[in-house]
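Taking it in order: structure first as structure tokens, then the write-up.
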Amino acid sequence: MAEPRVLEKLEHIPEKPGVYIMRDRAGAVIYVGKAVSLKNRVRSYFSGQQSPKVRVLVSRVADLEYIVTDTEVEALILECNLIKKYRPRYNVNLKDDKNYPYLKVTVQEEFPRLIITRNMVKDGAKYYGPYTNAGALHDTVGLLRKIFRLRTCTEGQLYNRQRPCLNYHIKRCDAPCMGYISPEAYQEMIKEVCLFLDGRQEDLVRRLQERMEEAAAALEFERAARLRDQIQAVRQVLERQKMVSKGMQDQDIIAFAREGDEACFQIFFVRQGKVVGREHHFLEGTGELERPEIMAAFLKRYYDRVPFIPREILLAEETAEQAVLEEWLSQKRGRRVYLRVPKRGEKAKLAAMVAKNALLVLKEREASWQQEEDRAAAALEELAERLSLPLPPERIECYDISNIQGTLAVGSMVVFTAGKPDKKEYRRFRIKTVQGPDDYAMLREVLYRRFRRTLDDEEGDGEEGGFGQLPDLILIDGGKGQLAAALQVLDRVGFEDIPVFSLAEKKEEVYAPGEEKPLLLPRNSEALYLLQRIRDEAHRFALEYHRRLRQKQLSRSLLDEIPGIGPRRKKALLKSFGSLQNIAQASLEELAAVTGMNRRVAAEVFAFFRNQGVEKEGKGQDY
């Protein structure tokens, strides 16, 4: 039965297009949807026969919101934005979409760079991707830097060099920092880089050929030879590409294979009639959707975040909401986009080929998962045998401490369930009670806080995971001393029955309670591999948190003490000059010329550093 507040809102929902937002009792957004008629769509959740997934969703809905839009396309755009913002639990999820890297060309800069990034923002740069294969992306960047002499330095380094860097001497950069190449010539090179990334290698070859002939005619044989080498490198790429269209079109070809709750999508990218690349993506939470709905869900999730949309998108099968999707894609591209499902001819054969590849990837993934599960189960069985545990441990928790001479001390708790990382269960701790470098005391604090939370948990049934659920095995990163510290805490809080072991890093020795000599597992033991993996993950998680705190502390500098300098001006100054030392040595005119600065604030900065004498004190320090 729905909450009274929800039932009341159902009575007043208008019969207009828009987006609806469902929240649970904690106020978290658990589902976002769009509708041509909000009234009909939202009411359908609370009436009639429902699938198991919808029944669970409705049982958790404690509040309901809706936003009316003028058109269904506006509702689709808003739905995409809200899903991206809230990542609701019950929406179809494009797996790991936040982690895929992009290739960024900083065309807004005077001398643009190639940067690999995982965040696409509206900063004037051109973005390519996302790339599901990070290795292929790095190979592409490496190839481009061999073909084109692009700078790799930061903006601060670019404008503050006294001599060209090593890349210039090994002929990997034309040294714009020293004025050895004009902005106009460099921008021409960037246009050629973009032609390559756009898949227009034939156009690029023609441009390079023309420039080579011009250089040869001007008797600039060294430049002509370099252009010849560039042409050969691009042609090698062209030889590996398959011609699939005589019409030289730009197309994306999309198909998917489905197994249970997950669908694997394969995309082939055709640029100027040639296949220039392919990617696969996994869509989760598709178990109760029809195939046209799955296709529509993927198109919305995928094209909401890619920087390029071709004129034609070929689909291996029908999609729901085709007209609305075409209108939305056309708005995003700025020109007409067509979604087509070819039934015969070469295009139909292409779509079938992509569908076959999607099925192969899905089968490979399933086989890999099965292999991983079998390996994890075998490792847990062996671990139970070697550590004399009554059963293979389902939940293993590992703890580690990270600090530098006691400063910014932190602790980590990582959890492996059924032999696999369970990242939603990870916890981190900022050490509060220990002063100075005392790892044993820090470990005791972390463990006490963790198990004290379990005792204080009113529910204590472990349903929500985290601190409420007890481990079957505790692993400590360290030796005999760390193990003794852990045992003291568990005895104090009444959990002395939980098996505890420590793993020392140098010789990979396993220490057990009450045993003088460590246990040495065989080097090829799956049980040892599992313990090492868990220990290394705890170490990584603790170190990552410690590094983040350290960087946050270092980000504070003397600039924060100057009136009129906020985060934006501080960032602009550091970006322009590269370091605090360079800012301290800058003239008043140079400070005032920085974006966002004015003469009054520049005078404050200039006077502050002259009064503080930071020119000497700050030498060699980057903030």
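The values are calculated or read from the model by the stated rules, or taken from the named source; none is laboratory data. Since the model is a prediction, treat every value here as computed from it, not as a measurement. Methodologically, a virtual Cβ is constructed for each residue, glycine included, from the backbone with ideal geometry; neighbour enumeration extends over all protein chains shown.
Quick rundown of the values:
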{"quantity": "Helices (runs of 4 or more DSSP H) contained entirely in the range 503-586, each with at least 2 residues that are among the hydroxyl-bearing types (Ser, Thr, Tyr)", "calculated": "526-554"}
{"quantity": "Odd one out for residue 405 among (1) over 26 Å from the mean Cα position of the chain (by Cα); (2) over 24 Å from residue 448 (Cβ atoms)", "calculated": "(2)"}
{"quantity": "Scope the range 486-498; condition under 19 Å from residue 519 (Cα atoms) and either in a loop (DSSP other than H, G, I, E, B) or touching a Leu at 6+ places or on another chain (Cβ under 9 Å) (or both); matching residues", "calculated": "486, 498"}
{"quantity": "Only one of 449, 453 that is loosely packed, with under 14 Cβ neighbours inside 10 Å and in the same structural domain as residue 486 (by TED's automatic domain parsing)", "calculated": "453"}
{"quantity": "Enumeration of residues in the range 382-405 that are surrounded by 14 or more Cβ atoms within 10 Å (Cβ to Cβ) and part of a helix (DSSP H, G or I)", "calculated": "382, 383, 384, 386"}
{"quantity": "Qualifying positions in the range 111-160 - among the hydrophobic types (A, V, I, L, M, F, W, C), in contact with a Leu (Cβ under 8 Å, 6 or more places away or on another chain) and modelled with pLDDT under 80", "calculated": "137"}
{"quantity": "Yes/no for residue 291 being surrounded by fewer than 19 Cβ atoms within 10 Å (Cβ to Cβ) and farther than 17 Å from residue 249 by Cβ", "calculated": "yes"}
{"quantity": "Test: residue in the range 316-331 that is over 16 Å from residue 72 (Cβ atoms), touching a strand residue (DSSP E or B) at 6+ places or on another chain (Cβ under 6 Å) and buried (at least 16 other Cβ atoms within 10 Å of the Cβ)", "calculated": "yes"}
{"quantity": "Matching entry among 151, 172 (being touching a residue at least 24 places away in the same chain (Cβ under 8 Å), crowded, with 17+ Cβ neighbours inside 10 Å and not polar (S, T, N, Q))", "calculated": "151"}
{"quantity": "Filtered residues of the range 263-293 (kept if in a helix (DSSP H, G or I) and within 17 Å of residue 88 (Cβ to Cβ))", "calculated": "293"}
{"quantity": "Qualifying positions in the range 322-336 - hydrophobic (A, V, I, L, M, F, W, C) and either in contact with a Phe, Trp or Tyr (Cβ under 9 Å, 6 or more places away or on another chain) or without any contact (Cβ under 8 Å) to a residue 12 or more places away in the chain (or both)", "calculated": "323, 325, 328, 329"}
{"quantity": "Candidates 241, 232, 209, 201, filtered to the one that is surrounded by fewer than 16 Cβ atoms within 10 Å (Cβ to Cβ), at pLDDT below 80 and either outside the structural domain of residue 338 (by TED's automatic domain parsing) or more than 30 Å from residue 285 (Cα to Cα) (or both)", "calculated": "232"}
{"quantity": "Residue that is farther than 30 Å from residue 280 by Cβ and either in contact with a Cys (Cβ under 6 Å, 6 or more places away or on another chain) or not acidic (Asp, Glu) (or both), where the choices are 67, 30, 77", "calculated": "67"}
{"quantity": "So residue 397, is it without any contact (Cβ under 8 Å) to a residue 24 or more places away in the chain and under 27 Å from the mean Cα position of the chain (by Cα)", "calculated": "no"}
{"quantity": "Options 472, 497; residue that is farther than 18 Å from residue 542 by Cβ, out of contact with any His (no Cβ under 7 Å at 6 or more places or on another chain) and surrounded by fewer than 16 Cβ atoms within 10 Å (Cβ to Cβ)", "calculated": "497"}
{"quantity": "Close pairs from the range 495-519: first free of Cβ contacts under 8 Å to residues at least 60 places away in the same chain and farther than 15 Å from residue 397 by Cβ, partner crowded, with 18+ Cβ neighbours inside 10 Å and of a type in the set (Gly, Ala, Ser), Cβ under 8 Å, at least 6 apart", "calculated": "504/478; 511/502; 511/504; 518/504"}
{"quantity": "Of all residues in the range 1-17 being in contact (Cβ under 8 Å) with a residue 24 or more places away in the chain, of a type outside the set (D, E, K, R) and part of a loop (DSSP other than H, G, I, E, B), the one that is surrounded by the fewest Cβ atoms within 10 Å (Cβ to Cβ)", "calculated": "14"}
{"quantity": "From 112, 101, 88, residue being within 17 Å of the chain's Cα centre (by Cα) and surrounded by 15 or more Cβ atoms within 10 Å (Cβ to Cβ)", "calculated": "101"}
{"quantity": "Verdict on residue 415 being in contact with a strand residue (DSSP E or B) (Cβ under 6 Å, 6 or more places away or on another chain) and surrounded by 18 or more Cβ atoms within 10 Å (Cβ to Cβ)", "calculated": "yes"}
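Residues checked against (1) part of a helix (DSSP H, G or I); (2) in the same structural domain as residue 262 (by TED's automatic domain parsing):
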position	(1), (2)
320	no, yes
343	no, yes
353	yes, yes
372	yes, no
